[in-house]
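Any read-out appearing in this document is the output of simple, stated calculations on the displayed coordinates, not a laboratory observation. Small disclaimer: the values here were computed from a predicted structure and weren't measured. Virtual Cβ from ideal backbone geometry, glycine too; neighbours counted across all protein chains shown.
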Amino acid sequence: MATPASVVERAAPPSAPRALLRRLRHGDEIAHLLTLIFASSIILITSVIVYELWINSHLTRLKFGWHFFFTSTWDPVFEQFGALPFIYGTLVTSAVALFIAVPLGIGAAIFLAELAPPKLSDSIAFVIDLLAAVPSVIYGLLGIFVLVPVMRTTIEPALKKTLGFLPLFQGPMYGVGFLTAGVVLAVMIVPFIISVSREVLLAVPGDQREAALALGATRWEATWKVVVPFAKTGIMGSIFLALARALGETMAVTMVIGNDPKISASLFAPGYTIASVIANEFSEATADVYLHALVELGLVLFLLTFILNGLARLLILATTQRGSVHA
Amino acid sequence: MKKTLLVALLLLFVGSLHAQSGQVLLNAAGATFPYPIYSKWFDEYHKLHPNIQINYASVGSGAGIRQVLAGTVDFGASDGPMSDEQLAQAKMKILHFPTVLGAAVPSYNIPGVNAELNFTPQALAGIYLGTITKWNDPAITSANPGVNLPGNDILVVHRSDGSGTTYIWTDYLSKVSDAWKNKVGRNTSVNWPTGLGGKGNEGVTGLIQQTPNSIGYVELIYALQNHLPYGKVKNAAGTFVKADLAGVSAAAAGAAKDMPADFRVSITNAPGKTAYPISSFTWLLIPTQIQDATKREVIKGFLHWMMTDGQNFAEGLSYARLPRPVVEKETKAISLIQ
């Protein structure tokens, strides 16, 4: 009994293990499995974060409900918590940063990829990558000691004089506030936009460019009407990467924003962001409700990033469908 | 020759084995304000007793309290005493041991004014409540005869990060002003009626130095070490006192008479002619029941040393030392640890 069975066993299935072995040797199975694990680990980490934030914020979710999003008192003593000024501050500083960094970054990327001599382009790109690696606390310190006085004495008065009719540029000027935080953020995110956009522009196939030139386009027309649209998706990607960094930035922002949870129309006014208040108050938050309020702010920031990323995806989808070029 | 070497090696091995088995490792976590002196103490104590190693994580008072409650550290440290609700959460009784003292001082930057300003409690409370908005307000000028104060708007600066310094400052304002107590209260972070927030002492100092007509509060240690100018504050006895280590210890001595048994006492606005009114203890949080007998003895031994020889390190690091009567009371409390 035993002998035939073992013979059958030995005779029939060998092809399966051997095939598996062959596939393993070629690396397909291993690669498939490994990359699958890596990819799912990202989803796992994300869900664990959301789960933890959700569990550890139940006190404030029960106590304040949706009011948490729409009230603006932040009082650890009397335990009243509202996230609105922080949401506002996060969105405004990121918007200011993008307003400055996007034209600057894309312009620089176009110059480096299309117009500059390759040697110059490479060395500048090296400096830009260096800039991206500077720790944010350094930007914060430079911000408070160098940028803040300049903003207060020069830039803000100039803006008030020229654009003072807009509510954005009115009110007392402290040097710290939304505008200064936005400027520091812009400096921090511009290397991301330049670096990624430059790579994307360099990756546009040469025949696209040559075809445009052959049709009689000038060099600038070829760049602006053919190369840039071709690279649009990648450039958008770089902008949203930069936006994500701006939304989550903590140290540099807290040093120059004034840390006052108020909603003001003026960009000169001090404000506060979600990431900053969490970093500032987490370690000394003694009461449970207080701690849960800070954790719920983390959840809000997560949600905000999620929504903005979703909108970004939609924007990319919409623009690539309208345009004829697929990168 | 060979034999002696062997014996020596063997002895060395046994010796190291012994040291390893007698090694006591304690973990502590909490307040950042006393971190410089705590790390000095734990280091010096390790030199005296090489088998004892105390690791201290300066994660903040809030985290220190939570970790003691959760039992994840052997003891904690906090700049503010634990609340009754927090103590009720604890599985066992937790004792407060004052270690050193700190203080908060008002620092300011008014162009053209180099004189040392006097601040009454009413002036400080009014400025921080936003009811006193100009430097030439009578509440400020009346305490500073002969100083020509400008009519500029006061820019108030406070800490943006939760901190023991903010606790001392708001505790003091709560004691001297009912309006402050009812509207704002005391905590490591509060809902500030007015002003800008700077991160850390350095952030507050940066804002003060760069913004004309500003006022802010910083730790006394930070002001001393960085030679910042700061004003005098009127104490409960009615004298204007410029903060120094002796004045802070005097405040503690003044409060020692009415010291509660659990040492959870606020010494802001303390009586005494020389007492600096914006002072506070910082505490170690020690569980009363420690299962591990060696750990218990080590903690008790360390507390004894901290109150005696350890205090000699305080002034070198700009902390005010514990006054004699407080040390005596604390020494008695050590026997409560079982």
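Residues whose amide H comes within less than 5 Å of that of B:S214, counting only those at least five positions distant or on another chain, are B:N109, B:L155 (H built at 1.01 Å from N in the peptide plane).
Radius of gyration over Kirkwood radius for the range A:182-233, both on Cα atoms: the Rg/Rh ratio is 1.14. The angle between the Cα long axis of helix A:288-322 and the main principal axis of chain A comes to about 70°, on a 0 to 90 degree scale. Per residue of chain B, the DSSP helices (runs of n ≥ 4 H) give a summed -39500 (n - 2.57) that works out to -12000 deg cm²/dmol at 222 nm. Relative to the longest principal axis of the Cα atoms of chain A, the long axis of helix A:28-55 makes an angle of roughly 40 degrees. Here the ratio of the Cα radius of gyration of the range A:66-326 to 2.2 N^0.38 Å is 1.14.
Here the contact order of chain A, divided by its residue count and restricted to Cα pairs under 8 Å and six or more residues apart, works out to 25 percent. GNM remark for chain A: springs join alpha carbons under 10 Å apart, and the peak mean-square fluctuation among A:Q80, A:Q208, A:Q170 falls on A:Q208. Between 0 and 90 degrees, the angle of helix B:61-70 with respect to the longest Cα principal axis of chain B falls at about 40 degrees.
Working from label points 7 Å from Cα in the Cα-to-Cβ sense, the B:V24 to A:F78 distance is 4.8 nm.
Annotation: amide H-H contacts under 5 Å for B:A243 (H modelled 1.01 Å from N, sequence separation of 5 or more, or interchain): B:V233. Taking the number of Cβ atoms within 10 Å of each Cβ as an exposure proxy, the fewest-first ranking of A:F78, A:F169, B:F263 is A:F78, B:F263, A:F169.
Ordered by the count of other Cβ atoms within 10 Å of each Cβ, fewest first, B:K183, B:K175 give B:K183, B:K175.
Over all directions, what mean area does the Cα convex hull of chain B project, stated in square nanometres? Averaged projected hull area, Cα only: 20.0 nm². Under the simplified labelling scheme, the B:T133-B:K257 pair shows an inter-label distance of 4.3 nm, with each label point 7 Å from Cα along Cα→Cβ.
Distance between the C-alpha centres of the range B:95-157 and the range A:43-85: 36 Å, rounded to the whole angstrom. Coupling constants for the range B:124-139 follow from the phi torsions by the Karplus curve (6.51 cos²θ - 1.76 cosθ + 1.60, θ = phi - 60°), and in residue order they are 4, 5, x, 4, 6, 7, x, 8, 9, 10, 10, 5, 8, 4, x, 4 Hz; glycine and proline get x.
Here the protein assembly as shown carries DSSP beta bridges of which approximately 60% are antiparallel, counting only pairs with both residues inside.
Volume per residue of the convex hull around the Cα atoms, evaluated for the range A:15-55, comes out as 54 Å³. Here the Debye sum runs over all C-alpha atoms of the protein assembly as shown as equal scatterers in vacuum, and log10 of I(q)/I(0) at q = 0.05, 0.06, 0.10 Å⁻¹ comes out as -0.34, -0.47, -1.03. Calculated FRET efficiency, B:E315 to A:R18, Cβ-Cβ distance, R0 = 56 Å: about 0.10 to the nearest 0.05. Backbone phi angles across the range B:259-276, fed through the Karplus curve with coefficients 6.51, -1.76 and 1.60 (θ = phi - 60°), yield HN-Hα couplings of 5, x, 4, 9, 6, 7, 9, 9, 10, 5, 6, 6, x, x, 5, 9, 5, 7 Hz in residue order; Gly and Pro are listed as x. Annotation: amide H of B:G198 within the under-5 Å range of B:H158, B:R159, B:S160, sequence separation 5 or more or interchain, hydrogens built in the peptide plane. Checking the Cα-Cα distances for B:K91/B:K242; A:K160/B:K232; B:K134/B:K183; B:K40/B:K295; B:K91/B:K183 against a 31 Å cut-off, the pairs over it are B:K91/B:K242; A:K160/B:K232; B:K91/B:K183.
Neighbour counting of Cβ atoms within 10 Å sorts the residues B:T99, B:T188, fewest neighbours leading, into B:T99, B:T188.
Of B:V105, B:V113, B:V73, which has the largest mean-square fluctuation in a 10 Å C-alpha GNM of chain B? Most flexible of the set in this elastic network: B:V113. When the Gaussian network model of chain B links Cα atoms closer than 10 Å, the mean-square fluctuations of B:D137, B:D292, B:D171 top out at B:D292.
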